[in-house]
Structures are given as C-alpha cells and as structure tokens.
Amino acid sequence: MKAAERKAQRENNKIVAQNRAASYNYELLEKYEAGIVLVGTEVKTLREGKGAIRESYVDIRAGEPWLVNCHIPEYRPGGPRNHDPLRRRKLLLNRREIEKLNASIQQKGMTVVPLKIYFRDGLAKCELAVGKGKKFHDRRESERRKEAKREADEAMARSRRH
C-alpha cells in the first residue's frame, strides 16, 4: 500500500476521481466542499474506485447546484436497478455558498469545476472550485513557471547532496 493511500485511510478520506486538468485549464480562485446526492448503485461503483469528472462542470438551475457530465459507470451486479452513467447529480451546499457560486458564474469567463470526488467519514463529497478559463498563452506561461520551479528545486537538491 502506498504512503498516500495509508494517509488517506487515516484521515478517513478515499479519493475516487480527480480532475487534474482543471488547474491546467483554469485559474482556480475559490474552493468549496459539497455533498452529492447518489443512488445505491452509484455509491457502490464509487466505492470500487470508478468514476470520471474530467469533462464535468457545475450548473445552477432554480437555485440548486447540479453536477453535469460526471461519468459513474454502471454497477455490474446492479441488474435492472442500475443508474444512468451520465445523469445529473444534485450537489448539497449551504444557501450562501450557492448564492456565491451563482454570482461568480454570472461573470464572463467564470465557471465552477469539480476537482475531486472522495469519501469522507463514509459520505460522498465533491470538491468544487470557481475557475476562470486560461487562454493558450496563459497555459504556456504557467508551464514555463512550473518548469523553472522544478529546475530550481532539482538544483537545490543537487547542491545539498554535494
């Protein structure tokens, strides 16, 4: 078992799905934690570690936040009671948080993206972030900064070894 998995078990967090491309495509501003309304077969599939949120986003309709385009595959032994893999899933947030998210979505170029789905103390949670879409040149610049930081860290590690 990897050290990260052991640490996650100690904290009662089990990460199921991550959206690593979100930090590359968006400038992440504010983060929120939301509960997810799931059916039984979805929970069982997530506990198996299956699920994808790469192309998903959050939409607010009639004052309720919904997770759109989140893919949770069907549960094999589920039979006829299985769920639709791409159905919209309701997110559970406080009224103030929903109003903040709605206000930020109204701004041009802003969106709410899920960063990860995980279990905390047995409950499925989704970490959300308000993001501003990066332009192509912004992505290149962040790549350059990341590369420069990596090189600097390697140089410092080499100097410590000698």
So, relative contact order of the chain in percent, Cα under 8 Å, 6 or more apart, is 29 percent
Alpha carbon convex hull of segment 78-142, volume per residue in cubic angstrom: 161 Å³
Have a look at Pro85, Pro77, Pro114 and tell me which one the Gaussian network model of the chain (Cα, springs below 10 Å) gives the largest fluctuation. Pro77
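Take the cross-link list Lys90/Lys146; Lys31/Lys149; Lys44/Lys149; Lys14/Lys146; Lys100/Lys149; Lys31/Lys146 and give me the ones stretching past 32 Å between alpha-carbons. Display every interim value, and only then the final one.
Working: Lys90/Lys146 35 Å; Lys31/Lys149 24 Å; Lys44/Lys149 41 Å; Lys14/Lys146 28 Å; Lys100/Lys149 34 Å; Lys31/Lys146 22 Å.
From the list (Lys90/Lys146; Lys31/Lys149; Lys44/Lys149; Lys14/Lys146; Lys100/Lys149; Lys31/Lys146), the Cα-Cα distance tops 32 Å for Lys90/Lys146; Lys44/Lys149; Lys100/Lys149.
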What list of ³J(HN,Hα) couplings, whole Hz, do you get for segment 119-135 from phi and the Karplus terms 6.51, -1.76, 1.60, once you set θ to phi - 60° and write x for glycine and proline? 9, 10, 6, x, 10, 6, 10, 10, 8, 10, 9, 7, x, 10, x, 8, 7
Using the Karplus equation 6.51 cos²θ - 1.76 cosθ + 1.60 (θ = phi - 60°), what ³J(HN,Hα) coupling, rounded to whole Hz, does each residue of segment 47-56 give in order, writing x for Gly and Pro? 5, 6, x, 9, x, 9, 10, 4, 9, 8
Keeping all protein chains in position, work out how much accessible area Asp59 exposes to a 1.4 Å probe, and write it in Å² to the nearest 10. 40 Å²
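Give me Rg/Rg_expected for the chain, where Rg uses Cα atoms only and Rg_expected = 2.2 N^0.38 Å with N residues.
Values: Rg = 18.5 Å, N = 162, 2.2 N^0.38 = 15.2 Å.
Against the empirical 2.2 N^0.38 Å value, I get 1.22 for the chain.
Which of the GluC sites (Glu not before Pro) across segment 71-111 are loop residues per DSSP, with 15 or fewer other Cβ within 10 Å?
On the way: sites: Glu74, Glu97, Glu99; in loops: Glu74.
Sparse-neighbourhood loop GluC sites (Glu not before Pro): Glu74.
Heavy atoms only, probe 1.4 Å: what % of the accessible area of segment 1-121 goes to carbon and sulfur, would you let me know? Please report the intermediate quantities before stating the final value.
Numbers: 3570 of 7710 Å².
That fraction is 46 percent.
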Let me make sure I get this right: for segment 7-86, a, b and c are the square roots of the gyration tensor eigenvalues over alpha carbons, sorted descending. Under 1.5 in a/c it's rounded, otherwise prolate if a/b > b/c, else oblate. Which is it? oblate
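By its C-alpha gyration tensor, with a ≥ b ≥ c as the square roots of the eigenvalues, how is segment 108-157 shaped: rounded for a/c under 1.5, else prolate for a/b larger than b/c, else oblate? Present the calculation step by step, with values, prior to reporting the outcome.
Working: a/c = 5.58, a/b = 1.42, b/c = 3.93.
Note, shape of segment 108-157 comes out oblate.
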Based on alpha-carbon centroids, what's the gap between segment 35-85 and segment 134-159 in Å, whole number please? 35 Å
Residues with amide H under 5 Å from that of Ser56, placed H, sequence gap 5 or more: none
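How many Å² of accessible area per residue for segment 86-162, probe 1.4 Å? Walk me through the numbers on the way to the answer.
On the way: 5380 Å² over 77 residues.
Computed with neighbouring chains in place, this is 70 Å² per residue.
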If the elastic network links every pair of Cα atoms under 10 Å, which of Glu30, Glu151, Glu141 fluctuates the most in the Gaussian network model of the chain? Glu151
Considering the options Ala155, Phe136, Ile60, tell which one lies farthest towards the positive end of the dipole of the chain, charges being +1 on Lys and Arg and -1 on Asp and Glu at the Cβ, about the Cα centre. Ala155
Note the angle between two axes, namely the Cα long axis of helix 95-106 and the longest principal axis of the Cα atoms of the chain, as a number of degrees from 0 to 90, rounded to the nearest 10. 60 degrees
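About the Cα centre, and with charges only on the beta carbon of Lys, Arg (+1) and Asp, Glu (-1), how big is the dipole of the chain? Nearest 20 debye, please. Walk me through the intermediate numbers first.
Numbers: 38 positive and 23 negative charges, 84 e Å.
Once rounded to the nearest 20, the dipole reads 400 debye.
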Of the residues Arg54, Arg144, Arg95, which exhibits the maximal mean-square fluctuation in a Gaussian network model of the chain defined by a 10 Å Cα contact cut-off? Arg144
Put +1 on the Cβ of every Lys and Arg and -1 on every Asp and Glu Cβ in the chain; which of Ile72, Gly109, Leu92 then has its Cα farthest towards the positive end of the dipole? Ile72
If Lys and Arg each add +1 and Asp and Glu each add -1, what is the summed charge of the other residues whose beta carbon sits under 9 Å from the beta carbon of Ala17? +3
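The values are calculated or read from the model by the stated rules, or taken from the named source; none is laboratory data. None of these values were measured; they are calculated from a predicted model. With ideal geometry, Cβ positions are generated from the backbone for all residues, glycine too; neighbour counts draw on all protein chains shown. We work out accessible area using only protein heavy atoms, side chains counted, and drop any ligands, DNA or RNA first. Shrake-Rupley method; radii C 1.70, N 1.55, O 1.52, S 1.80 Å.
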